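Okay, so here's the structure we're looking at.
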Amino acid sequence: MEKLPFERPVINKLSAGMPGKFGMKTHISPVTHIDQVGVKELTGQYGSPLFVLSEKSLRQNFSEAKRAFETRYPKVQFAWSYKTNYLNAVCSVFHQEGAWAEVVSGFEYDKAIALGVEGKHIIFNGPDKSRDDLKKAVNNNSLIHIDHFDEMYTLTELAGESENKPKVAIRVNMDTGVYPVWDRFGFNYENGEAWDALNRIMMAGKLELVGLHAHIGTYMLSASAYGIAASKLAELAAQLEKKFGHVAGYIDVGGGFASKNTLKGAYYSGSDTAPGFDEYAEAIAAALVNSRIKPANMPLLILETGRALVDDAGYLLGTVIANKRLSDGRRATIIDAGVNILFTSFWYDHQVNPGQPVSEHTEETTIFGPLCMNIDVIKEAAVMPVLKKGDRVVISRVGAYNLTQWMQFITLRPKVVMIDPEGNVHLIRDSETLETLTSLEKLPGHLKQFRL
Ligand SMILES: *Cc1c(COP(=O)(O)O)cnc(C)c1O
């Protein structure tokens, strides 16, 4: 081999903030309090793991979203997306703030009614509404968003049986420049199906067309996609105005605004890249104001924002069970909160902080949950201070979808508390017990005894 020429060594200053194998090296500061309540006190009293929701953040997020839209458009109404988090306490906070209910199943519909939401303030979405669900919704004057022609025919039939003329909107799917297009829900805009559905409703005269709806996706990082969606819905409204002299009372642009969480594999953090409410509001308001709809007929703008209102109001507190070394030398920390209760860890790179003061020394660590399952990884690569058994960790921005998609698996689901704006802690969902689960089981008589 040829000898390489000598080069003198160069000493370079290591600049902090350069991405390495484990991403950006950031200083991990401890999160010792949530809304002034100590993490130690919370887990001490309610156990670990523990979900914590900040009522103050829920209300602040709501007023921020409301302000962003109301300063740009005259008539705005929010409807709380139940499936994003349907704990009664969370729904009630948003209802107190003035949000209607947006539900996607008979179960969610009943939950909203049981909470005291009037039928006329419930938006009923989704592809699976049974005949009985629809009947109930018609009798209660709820706003039914039709997903497909079969549902339209059922409603047309029901119209004959009820005193109330069903109040309907159609869900429209469309190309907004974000792919893949969610075209499995509703009627397509580009191929004319949506216009066809509207014509059928108007010609038959059995249903009262009160609005137009789209929900283009979730965690949508593009505000302009909403501008396109709003323009397309507005164009349908303008055509209804022109052909039938009919005014579609509202345009509902659905949910899907991104929260500040960071997607796995994303180079920049979500707090730097996700648009704020102002950007979404700007795109939507501009599209409506500049549309061909006559000024006198400007529709009510409905928003079904879920994730962006609740995600950062939720925390999951956990406790370190053990530390170990993996065969490649990597440090592994096992905590008592697993992917079964933190569903979003499959697509978010959640922020995990120590729950108590720590030293400056950090090490690349993989954080595992407690399940006896290889996939139970809370964070693949975290730069963490060294944590000891019994130390607390705080996982942030977990308020959306985890408390509805969590599953009971191997362990029982933990308590959920809400901290009110005065700093009082309220238990809003108790932990499961063996009895909670077995109360639903039935053991056939011939299986009641065994001898080992
Ligand atoms: C899920 C859903 C929402 C809420 O979406 P987020 O991404 O949580 O904002 C709103 N509308 C409909 C129809 C939905 O299915």
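The values are calculated or read from the model by the stated rules, or taken from the named source; none is laboratory data. For clarity, every value in this text was computed on a predicted model and none was experimentally measured. FYI the Cβ positions are ideal-geometry reconstructions off the backbone, even for glycines, and counts take in every protein chain you see. These accessible areas exclude ligands, DNA and RNA; they are computed on the full protein's heavy atoms, side chains included. Shrake-Rupley method; radii C 1.70, N 1.55, O 1.52, S 1.80 Å.
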Among residues of the stretch 214-269 being in a loop (DSSP other than H, G, I, E, B) and of a type in the set (S, T, N, Q), the residue farthest from the ligand (Cβ to nearest atom) is S269
#### Entry: Condition met for E422 (at pLDDT below 95 and charged (D, E, K, R))
no
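Conditions tested, residue by residue: (1) of a type in the set (K, R); (2) open to solvent by less than 50 Å² (accessible area, probe 1.4 Å); (3) away from the ligand (no atom under 16 Å from the Cβ).
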{"position": "V393", "(1), (2), (3)": "no, yes, yes"}
{"position": "G399", "(1), (2), (3)": "no, yes, no"}
{"position": "N402", "(1), (2), (3)": "no, yes, no"}
{"position": "W406", "(1), (2), (3)": "no, yes, no"}
{"position": "I410", "(1), (2), (3)": "no, no, yes"}
{"position": "P414", "(1), (2), (3)": "no, yes, yes"}
{"position": "D420", "(1), (2), (3)": "no, yes, yes"}
Filter the stretch 311-321 for residues that are open to solvent by less than 30 Å² (accessible area, probe 1.4 Å) and aliphatic (A, V, I, L, M); the one that is farthest from the ligand (Cβ to nearest atom) is V320
Look at A308 and say whether it is at pLDDT 95 or above and either within 16 Å of the ligand (Cβ to nearest atom) or touching a helix residue (DSSP H, G or I) at 6+ places or on another chain (Cβ under 8 Å) (or both).
yes
Within the stretch 94-150, the residues that are on the phi > 0 side of the Ramachandran plot and away from the ligand (no atom under 15 Å from the Cβ) are G98, G116, N141
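For (1) open to solvent by 10 Å² or more (accessible area, probe 1.4 Å); (2) closer than 27 Å to H213 by Cβ, each residue gets a yes or a no:
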residue: P295; (1), (2): yes, yes
residue: L303; (1), (2): no, yes
residue: R307; (1), (2): yes, yes
residue: N323; (1), (2): yes, no
residue: I335; (1), (2): no, no
residue: G338; (1), (2): no, no
Note on N88: of the conditions (1) open to solvent by 10 Å² or more (accessible area, probe 1.4 Å); (2) in contact (Cβ under 8 Å) with a residue 40 or more places away in the chain; (3) within 16 Å of the ligand (Cβ to nearest atom), unmet is (3)
Taking the stretch 21-73 and the residues there that are modelled with pLDDT of 95 or more and aromatic (F, W, Y), the one that is farthest from A382 (Cα to Cα) would be Y73
Of those in the stretch 244-264 that are over 19 Å from the mean Cα position of the chain (by Cα) and touching a residue at least 40 places away in the same chain (Cβ under 8 Å), the residue surrounded by the most Cβ atoms within 10 Å (Cβ to Cβ) is I251
